[in-house]
Amino acid sequence: MPAEFPDFRLGTELATSFTATLTERSGDPVERVPTPQRLLDWLALHDLAANSCSAAQLDRARELREAIHAAATAAATGGPLPAPALQVINDRSARGRAAAVLTPEGERRWQLGSSSVEDALSVIAADAVEIIAGERAGRLALCASPTCRAAFFDTSQSRSRKWCDMNTCGNRQKKARFNANHRKSTRTTK
């Protein structure tokens, strides 16, 4: 992938990983799918390869991403699910032609009907429906980083994860806390 684009944040759940294509939502937002080709790259990484992507399809993908984030945020905080977000998720889920198939290893994979972005978005929307409806073991949570606030699906044993990704947000917060404590201890020893 071209170096001029930021790396993707790859989580374990398709729908919440998709919302991570826009990061630092409460800080300086980082768009990780700024072009149609970049969306195709992300889809291919998730075994949802599409043949092509137009600017309009990229817009629909971003609309779905934001709808999933809004609904996941509401679910994580115990708030009511926003009707406009549900409409987008449900519409995208119903529009595509994709089927769940089993691999020889016994794993579920998605087979797109026409290798189109719409089919791929329908898979992502269906995954969001399953997560937000509480059909999987785990819980929706929001990253504790004040600039990130990404929705993520916590499958840890204690269901008490604080960060969307320990290697980015968790380390950044721990480093900030360490530096603040170091500055404070330096001032008190002088």
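The values are calculated or read from the model by the stated rules, or taken from the named source; none is laboratory data. Here the structure is a predicted model, which is why all the values come from computation and not from measurement. Using ideal geometry, Cβ is built from the backbone for each residue, glycine included, and neighbour counts are taken over all protein chains shown. Remember, those area values only see protein heavy atoms, side chains included, never the ligands or the DNA or RNA. Shrake-Rupley method; radii C 1.70, N 1.55, O 1.52, S 1.80 Å.
Numerical summary
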| quantity | calculated |
| --- | --- |
| Helix-only [θ]222 nm of the chain, DSSP H runs n ≥ 4, -39500 (n - 2.57) each, per residue, nearest 500 | -14500 deg cm²/dmol |
| Mean Kyte hydropathy of -1.0 or more with a Cα span along the axis of at least 20 Å, helices from DSSP in the chain | 55-77, 117-132 |
| Under 10 Å, Cβ to Cβ, from Ser17 - net charge with Lys/Arg +1 and Asp/Glu -1 | -1 |
| Average accessible surface area per residue within the range 71-190, 1.4 Å rolling probe, Å² | 59 Å² |
| Carbon plus sulfur fraction of accessible area for the range 9-56, probe 1.4 Å, in percent | 53 percent |
| Per-pair calculated FRET efficiency, R0 = 30 Å: Glu4 and Asn90 via Cβ, rounded to 0.05 | 0.25 |
| Modelled FRET efficiency - R0 22 Å, Thr103 with Asn51, Cβ distances, 0.05 increments | 0.50 |
| Electrostatic dipole magnitude of the chain [Cβ: Lys, Arg +1; Asp, Glu -1; Cα centre; debye, to 20] | 1360 debye |
| Label-point separation, Gln157 to Arg172 (7 Å along Cα→Cβ), nm | 3.0 nm |
| The chain - convex hull of the alpha-carbon atoms, volume per residue in Å³ | 157 Å³ |
| Under-5 Å amide H pairs with Ala98, H placed in peptide plane, nonlocal only | Gly113 |
